[in-house]
Amino acid sequence: MPRTRLPIRRVEEYAPDPLPRAVWPGTLPPVRQLLDQGLDLAPVTVFVGDNGVGKSTLVEAIAIAFGMGAEGGSTMSGHATRPSESSLWEHLVLVREPGAPKSGFFLRAETMHGLFTFLEQHPGKRPEPVFHERSHGESFLDFVIDRAQWPGLWVLDEPESALSFSGCLALIGLLQSIVETGVGQVVLSTHSPVLAAFPGAVVHEVGEWGLRRVDWRDLDLVRNQRAFLEYPERYLRHLAEPDLPEETPDGTNRADGTNRADGTNRADGTNRTDVP
């Protein structure tokens, strides 16, 4: 495989202008860790974790610092509607490899509709697909296919929200071909165990601990979804009673005094058998 000259080899804090740690996003553990220790990026780097832990904040800041718009598009695209990005990017230094491409693309599933409208209103010199005439997932993949031969950095923020299972596999294949030809680098945040299995990727689990490298099989994301698929009723049976604590092994003596064994004597006086 040809050597990939990484558009971004490492991300560090800009020492002359440090980000205050006492205000958001400096309060996020993964952001603090990146600023304090720096972060090396691989040809494919994947961030996984729960909602709100800082995945999108990280990839958004990397994309903006590289010269892409916060709402997606290529470097210097100029597409913007309502500013909502953090100031993290202003405090970052991107260490590039000599001779690496300086172009790139930022794909955010939540803002792709607006990006496609922008592309229609500002057409380039070459013809390209009319993305709005395709489904959400099809247009997402068409965008990657249309630009797959362009070298540079590909930053993707939770693209699985636009894609089916087969669509996720197709996206991996497209991005893998870009990386293997030595013309591209991928930085990806995801909730998808499929995308997290990107061959050869360095996977960082993001959470209250900050950032930690984890093998795919050991990710909370993978273990939790595997457990759910094996026994979905273990998770779903509690949704109708969000106010009740977990049952004891014999189903009795619950913390609120109800008895799950016979379904009677609920705290609100109803009988479990009355509940559909």
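The values are calculated or read from the model by the stated rules, or taken from the named source; none is laboratory data. Computed from a predicted structure; not experimentally measured. Note that we place each Cβ from the backbone using ideal geometry, even for glycine, and neighbour counts take in every protein chain shown. The protein model used for the area step is the full one, side chains on, heavy atoms only, and it has no ligands, DNA or RNA in it. Shrake-Rupley method; radii C 1.70, N 1.55, O 1.52, S 1.80 Å.
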Order by protection proxy (mean Cβ within 10 Å, highest first), peptides 148-156, 15-23 = 148-156, 15-23
Report the accessible area of residue 55, computed with a 1.4 Å probe over the heavy atoms of all protein chains in place, in Å² rounded to the nearest 10.
-> 10 Å²
Counting Lys and Arg as +1 and Asp and Glu as -1 over every other residue whose Cβ sits under 10 Å from the Cβ of residue 214, the net charge comes to -1
Loop-resident sites, region 168-220, for GluC sites (Glu not before Pro), counting at most 14 other Cβ within 10 Å (DSSP) = 208
Amide proton proximity set for residue 184, modelled H, under 5 Å, gap of 5+ = 152
Residues with amide H under 5 Å from that of residue 96, placed H, sequence gap 5 or more = 9
Using θ = phi - 60° and Karplus 6.51 cos²θ - 1.76 cosθ + 1.60, couplings along region 58-70 (whole Hz; Gly, Pro as x) | 5, 5, 4, 5, 5, 5, 5, 4, 7, x, 9, x, 5
Provide the packing ranking of 41-49, 212-220, i.e. peptides ordered by the mean count of other C-beta atoms within 10 Å per residue, highest first.
-> 41-49, 212-220
Label point distance in nm, residue 212-residue 177, each placed 7 Å from Cα along Cα→Cβ | 3.8 nm
Scattering profile of region 1-43 from the Debye formula, Cα beads only, expressed as log10 I(q)/I(0) at q = 0.18 Å⁻¹, is -0.58
Rg to Rh ratio, region 146-211, alpha-carbon atoms and Kirkwood radius?
-> 0.97
Compute the length gained on full extension between residue 228 and residue 50: take 0.36 nm times their separation in residues and subtract their Cα-Cα distance, giving the result in nm to one decimal.
-> 62.5 nm
